[in-house]
There are 2 protein chains.
Amino acid sequence: MFSKVPQRNPSVRVNQWVYSSLCQLILDGEFVPGVSITLRGIADSLEVSPMPVREAVTRLISEGALDVSEHNRISVSVMNQSKFDEILYARLQLEPKIASQSLKLIDRKKIKQLDEIDKQLDLYLETGNIEGYIKYNRLFHFGIYQSANSPVIFPMINSLWLQFSPFMRVVAGIVGTNTIHDYHKAALNAIIGQNHKALYDAIHNDISEGMGLLNDSIVN
Amino acid sequence: MFSKVPQRNPSVRVNQWVYSSLCQLILDGEFVPGVSITLRGIADSLEVSPMPVREAVTRLISEGALDVSEHNRISVSVMNQSKFDEILYARLQLEPKIASQSLKLIDRKKIKQLDEIDKQLDLYLETGNIEGYIKYNRLFHFGIYQSANSPVIFPMINSLWLQFSPFMRVVAGIVGTNTIHDYHKAALNAIIGQNHKALYDAIHNDISEGMGLLNDSIVN
DNA sequence: TATTACAAAATGTGATCACAAAAAATAAAC
DNA sequence: GTTTATTTTTTGTGATCACATTTTGTAATA
């Protein structure tokens, strides 16, 4: 049923594969906010037994990506104003800090990767490719964050992205790509120049402006 | 096996009871860092089948309270310097903010509760009762945070406490209660006076000083 | 057409079994 | 006594079944 699920690798456990597959689907915006999810439905779609799905879904619920509604039914989380405000606050407190923390660990090879991601991203922006933009924007941010080697805050950031991604996908489809202006170039220059404050500010501004575009689309 | 587990309530599901029981045991410091955990062992101790334990443990792993070591063995998370630094940073960014956010929602009845909690806490400090201190310190903090009605940041704070609680219990047993000085009185006065900044600062100072006592005891 | 009553299917939860891999325990050899 | 080899037990994982509850589908009634 799901079109773009990563291929099964026999060396990786089924539960982990299911979890990362669901993560990717959520982050890519394949899950529409509010839509109902069933364990057996996902199990059939991924062609696995319900058991590893239960484990993955339990995790995603605890990370806020999925919601347990009345009568223990599972659904994709819906955005509201207070959730959005807190996600924005937490992102602004955690992501610039981790970016800055990763600064000294980013080598030349990584910089080249980030540069290529950003070039691809600009291409998607020009052609109005929302899916491409969302995916490569995430690759850019997490490309930086992953270098930080952060044991506590990185999982928290991951959880935050899982929470707003379904909402972002819907909204981005409405506002389109032409109003988006990111601070990736500033971030890249800051990385190259090893300027902590400039990188911190670039990520901060990127989040502020990006989330600002989404704010108007919240319905309670 | 576990002595102080909350009583089973037939109206609440087994998985939720197991999860909250394990949470309480962890927060109260009953789980020693590094100790191995087995699904069947916990299931036998709580006199339930392994199934709901699997669910609870999966959640606790994703919240950072438990760790998956090599060969998929489960153990209580061990503290190290980088984890500690990030937990401290995240607590300082999130907890004062949520406390401040809860300020206008705390009514007279809640203030009375907090005051009684703090009185009991002082008693435990005088008599050197570590377990009592840890429990009532948590009751005080979460008594405030819960009033904030926070959908995103509150769960993050909960996860942070689950991560450092096992470590704190061990260290607190070493340093003792006589060196502890909290800012709960300042926090209470700030709440009564509806002073946002004073409450923010009180919680900030409380975390800084409390965690400062723990910092020296980290072994890598 | 709209509403109600009933039957059928679906859903999360809990329990149990099977299995491969890893620990732990025991026996054998030097 | 110490090390090596072998057996036994334990452990997480995945699959399957049973069950109460809820939802959905269908037919009957007005």
### Query
Counting other Cβ atoms within 10 Å of each Cβ, which GluC sites (Glu not before Pro) in the range A:19-127 have at most 11 and sit in a DSSP loop?
A:Glu47
### Query
Long-range amide H contacts for A:Gly34: which residues qualify at under 5 Å (H placed 1.01 Å from N, peptide plane, sequence gap of 5 or more or a different chain)?
A:Val76, A:Ser77, A:Val78
### Task
Tally up the carbon and sulfur contribution to the accessible surface of the range B:81-215 as a whole percent, 1.4 Å probe, everything protein left in place.
53 percent
### Solvent-accessible area per residue for the protein assembly as shown (1.4 angstrom probe, square angstrom)
48 Å²
### Query
Using the Cα gyration tensor of the range A:142-200, with a ≥ b ≥ c the square roots of its eigenvalues, what is the shape: rounded (a/c below 1.5), prolate (a/b larger than b/c) or oblate (neither)?
oblate
### Query
For the range A:14-76, what is the largest minus smallest coordinate of the Cα atoms on each principal axis, given in angstrom and ordered from greatest to least?
28, 26, 19
### Query
Using the beta-carbon distance between A:Thr127 and B:Thr127 and R0 = 56 Å, what value does 1/(1 + (r/R0)^6) give for FRET efficiency, to the nearest 0.05?
0.20
### Summary
What a careful reader reports for the chain B Cβ nearest the rotation axis onto chain A, distance rounded to whole angstrom, is B:Gln93, 2
## Note on the structure
Among residues of the range B:161-177, a drop of 20 Å² or more in 1.4 Å probe accessible area, assembly relative to the chain on its own, occurs for B:Gln163
### For q = 0.08, 0.11 Å⁻¹, Debye-computed log10 I/I(0) when each Cα of the protein assembly as shown counts as one equal scatterer
-0.49, -0.96
### Task
Would you kindly state how much longer the chain becomes between A:Ile174 and A:Asn195 on full extension, computed as 0.36 nm times their sequence separation minus their alpha carbon distance, in nm to one decimal?
4.0 nm
### Task
Find the centroid of the Cα atoms in the range B:1-38 and in the range A:151-220, then give the distance between the two in whole Å.
38 Å
### Query
Based on the Cβ-Cβ distance of A:Leu92 and A:Ser20, what FRET efficiency does E = 1/(1 + (r/R0)^6) give at R0 = 25 Å, to the nearest 0.05?
0.40
### Task
Please give the residues from the range B:49-71 for which the solvent-accessible area of heavy atoms, probe 1.4 Å, is smaller by at least 30 Å² with all protein chains in place than with the chain isolated.
B:Met51, B:Arg54, B:Glu55, B:Thr58, B:Arg59, B:Ser62
## Note on the structure
Measure of exposure for B:Leu199: accessible area at 1.4 Å probe, Å² rounded to 10, is 0 Å²
#### Entry: Accessible area that becomes buried as A packs against B, both chains, 1.4 Å probe, Å², nearest 100
2300 Å²
### Query
Once phi is turned into θ = phi - 60°, what whole-Hz ³J(HN,Hα) does the Karplus curve with 6.51, -1.76 and 1.60 give for every residue of the range B:68-81, x standing for Gly and Pro?
9, 8, 4, 6, 6, 8, 9, 8, 6, 4, 9, 7, 9, 4
### Query
About its Cα centre, what dipole magnitude does the range A:14-76 give when the only charges are +1 on Lys and Arg Cβ and -1 on Asp and Glu Cβ, stated in debye to the nearest 20?
160 debye
### Task
Quick one: compute the contact order of chain B, relative version, from alpha carbon pairs under 8 angstrom and 6+ residues apart, as a percent.
27 percent
### Query
According to a simple spin-label model (label point 7 Å from Cα along Cα-to-Cβ), what is the distance in nm between B:Gln81 and A:Asn80?
4.5 nm
### Task
Averaging sequence separations of C-alpha pairs under 8 Å and six or more residues apart, then dividing by the length of the range A:96-209, give the relative contact order as a whole percent.
39 percent
### Most to least accessible of B:Asp85, B:Asp182 (protein chains only, probe 1.4 Å)
B:Asp85, B:Asp182
### Query
How about the range A:49-88: which trypsin sites (Lys or Arg not before Pro) there are in a DSSP loop, with at most 12 other Cβ atoms within 10 Å of their Cβ?
A:Arg73
## Note on the structure
Phi-derived 3J(HN,Hα) across the range B:185-198 with the Karplus relation (6.51, -1.76, 1.60, θ = phi - 60°), rounded Hz, x for Gly and Pro, is 4, 4, 5, 4, 4, 5, 5, 4, x, 6, 9, 4, 5, 5
### Query
How far is B:Asp122 from the same spot in each other copy, in nm, shortest first, if each label point sits 7 Å from Cα toward Cβ?
6.4
### Message
Using the Karplus curve 6.51 cos²θ - 1.76 cosθ + 1.60 with θ = phi - 60°, what ³J(HN,Hα) values do you get for each residue of the range A:95-112, in whole Hz, with x for Gly and Pro?
### Response
5, x, 4, 5, 4, 4, 5, 7, 3, 6, 9, 8, 8, 4, 5, 5, 4, 4
### Message
Rounded, prolate or oblate for the range B:81-215? Axes are the square roots of the Cα gyration tensor eigenvalues, ordered a ≥ b ≥ c, and the cut-off for rounded is a/c under 1.5.
### Response
oblate
#### Entry: Residues losing 20 Å² or more accessible surface upon assembly, the range A:117-155, compared with the chain by itself, 1.4 Å
A:Pro151, A:Val152, A:Ile153
### Share of carbon and sulfur in the accessible heavy-atom surface of the range A:14-76 [1.4 Å probe, %]
47 percent
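The values are calculated or read from the model by the stated rules, or taken from the named source; none is laboratory data. On a predicted model such as this, the values are computed, not experimentally measured, just so you know. Note: ideal-geometry Cβ built from the backbone for every residue, glycine included; neighbour counts use all protein chains shown. SASA here: full protein model, heavy atoms, side chains in, ligands and nucleic acids out. Shrake-Rupley method; radii C 1.70, N 1.55, O 1.52, S 1.80 Å.
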